[in-house]
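Asker: One structure follows; several queries about it will come next.
Read-outs: derived from the displayed coordinates by stated rules, not from any lab. Treat the numbers as computed from the prediction; the structure is a model and nothing was measured. So basically every Cβ, Gly included, is an ideal-geometry build from the backbone, and we count neighbours across all protein chains shown.
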Amino acid sequence: MKLERLLSIIILLLNRRMVQAKELAERFEVSVRTIYRDIEAIHVAGIPVVTYQGANGGIGLVEGYRLDRNVLTNDELADIVTALRSISTSYGNEQQLRLMEKINSIVPPSRSEEFEQMTSRVLIDYSPWDGNDKLRPKLQLLKEAVDRCRLARFAYSNAEGEISHRTVEPHRLILKGRQWYLQAYCREREQFRLFKLKRMKELKVDPETRFNRRELPTEDNDAGACEPSRATEFVLRFRAESRHLAEEYFDIEEGQSGDDGSWLVRKAYPEDDWLYRFILGLGHHAEVLEPPHLREIVANRAEQIANRYRDK
């Protein structure tokens, strides 16, 4: 990931007087052009990078520069380590562990115990309850494809269970709502799409074929979804004794108290199979009031479930 690479480059420059762009490119398995873009980003961030020309030239920092005094405070470094530890719960690798060790190494020994306490106060665990054993290999394979600009091929199952075979140019991995997605340019659809990793099968990365990175959509809404759907506004009524469930799934300020002690929630979600399953998962605690068609769909599915359990 770019953040890891930028931090690694900064720490490497702190520990060495000068390093060549080619060496950095080989170390992080990217192009020299990408390294120069990284160096420019570091320079724009306020870190004084110097480029030395000639046969013995390279990239270095202004002599006497120290990261922990001039740019990042211990609090800011602690935030970085906390973020890396949280990401590693779902997307961990050896590079992240090495990076955390490097950051710890630049903290003064007299502050190391305090720094350890600061980085242990918060942990955002992104991992699912059933573990990541099957997901991690996909993440690692796609990360390499993104970093090295390699084509990926897989069979993809959409929300209706329809299978299609895709050849894509991987550009970015996205974690949203505890689910991992790949943002990639789909050569079959000739546009950017989002692919849920759990719906990928027979994933393979072409080690030989490279692609040229395209400009990503500037707006999140233009990222392109593999299963586009419009948001539907709906109203749920929770029973008075089930208000705690409403507060668990929705912000307490989003609800409105009814005359009978019930709790009304108005939301807008993309209407698809996930929404139907979510409402059914609330069981007898919640009831759809609006819109009528959504109420009917949930009622029909609940009836189908009940018929499965009735004696025949």
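Asker: Report the full-extension gain for the segment residue 45 to residue 153: residue separation times 0.36 nm, less the Cα-Cα distance, to one decimal in nm.
Answerer: Numbers: separation 108, 0.36 × 108 = 38.88 nm, distance 3.70 nm.
Taking residue 45 through residue 153 to full extension adds about 35.2 nm, to one decimal.
Asker: Taking 29 Å as the cut-off for C-alpha to C-alpha distance, list the pairs among 201/267; 22/176; 143/267; 176/267; 176/204; 138/267 that go past it.
Answerer: Working: 201/267 33 Å; 22/176 35 Å; 143/267 35 Å; 176/267 19 Å; 176/204 23 Å; 138/267 33 Å.
Over 29 Å Cα-Cα: 201/267; 22/176; 143/267; 138/267.
Asker: Another question about this same structure. Among the trypsin sites (Lys or Arg not before Pro) in segment 133-201, which ones are in a DSSP loop with at most 14 other Cβ atoms within 10 Å of the Cβ? Mind listing them?
Answerer: Numbers: sites: 134, 138, 143, 148, 150, 153, 166, 172, 176, 178, 187, 189, 193, 196, 198, 199, 201; in loops: 134, 178, 187, 189.
Taking segment 133-201 and a limit of 14 other Cβ atoms within 10 Å, the loop trypsin sites (Lys or Arg not before Pro) found are 134, 178, 187, 189.
Asker: Can I ask one more? Find the Cα radius of gyration of segment 231-309, compare it with 2.2 N^0.38 Å by division, and give the number to two decimals.
Answerer: On the way: Rg = 12.4 Å, N = 79, 2.2 N^0.38 = 11.6 Å.
Relative to the 2.2 N^0.38 Å estimate, segment 231-309 comes out at 1.07.
Asker: Work out the charge dipole of segment 135-222 with +1 on the Cβ of Lys and Arg and -1 on the Cβ of Asp and Glu about the Cα centre, then indicate which of 216, 175, 158 is farthest towards its positive end.
Answerer: The residue sitting most towards the positive pole is 175.
Asker: Simple spin-label model, 7 Å along Cα-to-Cβ: residue 37 to residue 110 in nm?
Answerer: Here the answer is 4.3 nm between the modelled labels.
Asker: Give, in nm to one decimal, the length gained when the segment between residue 285 and residue 244 is fully stretched (0.36 nm per residue of separation minus the Cα-Cα distance). Don't skip to the answer; put the middle values down first.
Answerer: Numbers: separation 41, 0.36 × 41 = 14.76 nm, distance 1.01 nm.
Taking 0.36 nm per residue and subtracting the Cα distance, the gain is 13.7 nm.
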